[in-house]
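Enquirer: Dumping the structure here so I can ask a few things about it.
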């Protein structure tokens, strides 16, 4: 089961109307079908948020694409995510996804928006996408974690991050996986990698 958190915004758009959240709950299957369903929702949230003016304005403020080299812009975004999105794990019984616009408003109000790897991936991808950078999601599984159900034969997908490349020119990807150190992700033990490009137009 995953939970999508969205803000309830007042009529005048005040970010002080952060609470209560509107929570949507849906059943998802176990194993790879559940991962595909969750990633599908993530891409929907990313592409929708990338067209939001507040996301675009924040991306411009952080990345300054008119003044900085593309690689410098990407590293500025990565450092900003590291500072404002401390790791907090999902509830045991749910896969919680926070709408990137909701995460941004919480950052503007409280100075930070705790989340896990998928929350960082969505906000980072939405910000980069909003100012024309190429983005993709990377989902990985690890050796020895074993199948989740009797129907699975492979190690489960357990971690996700966004990668960003300059809008044009050579396709060089930079990861925005700022939760990796806190989660002690064993990058030397990858058994599966799934890469999902995010279209720049919805």
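Enquirer: Consider residue 94 carefully, then state whether it is buried (at least 17 other Cβ atoms within 10 Å of the Cβ) and either touching a strand residue (DSSP E or B) at 6+ places or on another chain (Cβ under 8 Å) or at pLDDT below 95 (or both). First the steps, then the outcome.
Expert: Details: buried (at least 17 other Cβ atoms within 10 Å of the Cβ): no; either touching a strand residue (DSSP E or B) at 6+ places or on another chain (Cβ under 8 Å) or at pLDDT below 95 (or both): yes.
When the stated conditions are applied, residue 94 does not pass them.
Enquirer: When you scan region 134-153, do you find a residue that is modelled with pLDDT of 90 or more, more than 20 Å from the chain's Cα centre (by Cα) and not in a strand (DSSP E or B), even just one?
Expert: Within region 134-153, not a single residue is modelled with pLDDT of 90 or more, more than 20 Å from the chain's Cα centre (by Cα) and not in a strand (DSSP E or B).
Enquirer: Check residue 58 against each of (1) under 17 Å from the mean Cα position of the chain (by Cα); (2) at pLDDT below 90 and name the one condition it does not meet.
Expert: Tallying (1) under 17 Å from the mean Cα position of the chain (by Cα); (2) at pLDDT below 90, residue 58 fails exactly one: (2).
Enquirer: Among the residues of region 55-88, what is the count of those that are closer than 12 Å to residue 123 by Cα and in a helix (DSSP H, G or I)? Give the steps one after another, and end with the answer.
Expert: Residues of region 55-88 closer than 12 Å to residue 123 by Cα: 55-56, 58-59, 77-78, 80-82, 84-85.
Subset that is in a helix (DSSP H, G or I): 55-56, 58-59, 77-78, 80-82, 84.
So the count comes out to 10.
Enquirer: Can you tell me which residue is surrounded by the fewest Cβ atoms within 10 Å (Cβ to Cβ) among those in region 109-133 that are in a loop (DSSP other than H, G, I, E, B) and at pLDDT 95 or above? Can you show your working first?
Expert: So in region 109-133, the residues in a loop (DSSP other than H, G, I, E, B) come out as 111-114, 116, 131-133.
Applying the additional criterion that residues be at pLDDT 95 or above yields 131-133.
Details: 131: 21, 132: 14, 133: 23.
Only one residue tops the list, namely 132.
Enquirer: Then there's this: If you go through region 58-71 one residue at a time, how many are surrounded by 13 or more Cβ atoms within 10 Å (Cβ to Cβ) and either out of contact with any helix residue (DSSP H, G or I) (no Cβ under 8 Å at 6 or more places or on another chain) or within 19 Å of residue 118 (Cα to Cα) (or both)?
Expert: Quick first cut of region 58-71, residues surrounded by 13 or more Cβ atoms within 10 Å (Cβ to Cβ) only: 58-60, 62-65, 68, 70-71.
Those still in the list that are either out of contact with any helix residue (DSSP H, G or I) (no Cβ under 8 Å at 6 or more places or on another chain) or within 19 Å of residue 118 (Cα to Cα) (or both) too: 59-60, 70-71.
Looking only at that region, the number is 4.
Enquirer: How many of the residues making up region 154-181 are modelled with pLDDT under 90, surrounded by 14 or more Cβ atoms within 10 Å (Cβ to Cβ) and not in a loop (DSSP other than H, G, I, E, B)?
Expert: 4
The values are calculated or read from the model by the stated rules, or taken from the named source; none is laboratory data. Model, not experiment: these values are computed from the prediction. Note that we place each Cβ from the backbone using ideal geometry, even for glycine, and neighbour counts take in every protein chain shown.
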